[in-house]
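Inspection log for the structure reproduced underneath, given as structure tokens.
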Amino acid sequence: MQTTETAEVEKPKKSKKKTKEGKEKKEKTTKEKKKKKKTEQPAAEINTVPTSEPSANDASLFMDLDDSTTHDPYAHYWTLCEDTNIKLMYEIRANPLHKKQVIGSIIFRNQTTHHIQKLEFNVIDSLSMKLERQAGTSSHDPVLVPFILLPEMSNEGQFAFNVDSCVMSQHLRGTLTYIVKQSDGSSTSEKIDFKIQFPVSVYIIPNPISNNDFTSLLASGDLKEKQSLKVTLKNDSTLQEILKEVCTKLRLAVIEHIDQGASLYGSTIQDHPVCLLVKKINESTLTVDAKSTDFQLLSALLKQIKELVEN
């Protein structure tokens, strides 16, 4: 963008006297301009489904961690399924506006030089988790993906899953059907099966709290369930690297980080608080002391931490 400099021109001196009519005209013009500017402002956009992009507040997730590392926008995505034509990657996130819903963001990647169309996504509902479908459809009907995939291009779709309980890990089996349109006008129908995982960490919202509130919560007696974990580290990761990995994958917030110890906090969409004290005892040993209001939630979460740290 180029800017153009304008020469300063000396303006003729105006008379100090202003008529009453001139003042009223100027005030009227000013009011009209303000009114016009106000009406021209666009209405706020309402998103019914939260986007997966991290907000500015996400910096608080890593209060004492090094900010020099660039966050990978696909760090939360897992491979759902893949064949020679198409690859699906997915991320599950809690819906902070809904206590019984999570959002699955699925990336559809066309791996061919042909068009892929009429994609239909379907899962087998369980007793405690169901895919949200259009009104008037049955639990067996697939959800039509509202786009086609151009050759070697990707697109993302979001699917809502309604869940009764968020204290245990779950999975749903499903199928994607689609049609590959060949360049000669012919087409082939394809199907690929998948299993979509819902670990307990997908129900957690990283709501940072103050160190005083964290201490008060631990001392309140409300967190009646507690469990501990001792992990043998397989590499020379520092505590800082471990915290970054745990907070990124499990959506927990760092409350305090001192030397070889740290306090972490998060809460589920159904208001289960989770408090963790992480300590690196030596180069190869990590301990985690956890408290919450639900024993099953703690068991599942510590299992995730063990698998994450050991691998």
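The values are calculated or read from the model by the stated rules, or taken from the named source; none is laboratory data. Note that the coordinates shown come from a computational prediction; the quantities given were computed from them, not determined experimentally. Every residue, glycine as well, gets a Cβ built from its backbone with ideal geometry; the counts of neighbours run over all protein chains shown. Quick note on the areas: whole protein, heavy atoms, side chains included, nothing else; ligands and nucleic acids left out. Shrake-Rupley method; radii C 1.70, N 1.55, O 1.52, S 1.80 Å.
Charge dipole (Cα centre; +1 on Lys/Arg Cβ, -1 on Asp/Glu Cβ; no other charges) of the stretch 253-311 amounts to roughly 80 debye. A 1.4 Å probe over all protein chains sorts Lys244, Lys249 by accessible area into Lys249, Lys244, starting with the largest.
For His114, nonlocal amide neighbours, meaning residues 5 or more places apart or on other chains whose placed amide H falls under 5 Å from its own, are Glu152. In terms of the mean number of neighbouring beta-carbon atoms within 10 Å, the peptides 236-242, 87-93, 216-222, 250-256 order highest first as 250-256, 87-93, 236-242, 216-222. Remark: the stretch 177-252 carries 54 Å² of accessible area per residue (probe radius 1.4 Å; ligands, DNA and RNA excluded). Ligands, DNA and RNA are left out, and with a 1.4 angstrom probe the accessible area of the stretch 72-139 is 50 Å² per residue. The GluC sites (Glu not before Pro) found in the stretch 139-192 that occupy coil by DSSP, while having at most 13 further C-beta atoms within 10 Å, are Glu152. Packing around the peptides 104-116, 203-215, 127-139, taken as the average count of other Cβ atoms within 10 Å per residue, puts them in this order, highest first: 104-116, 203-215, 127-139. A simple charge model with +1 on the Cβ of Lys and Arg, -1 on the Cβ of Asp and Glu and nothing else charged puts the dipole of the stretch 83-187 at about 220 debye relative to its Cα centre.
Accessible area of Asp184 (1.4 Å probe, protein heavy atoms only, ligands and nucleic acids ignored): about 120 Å².
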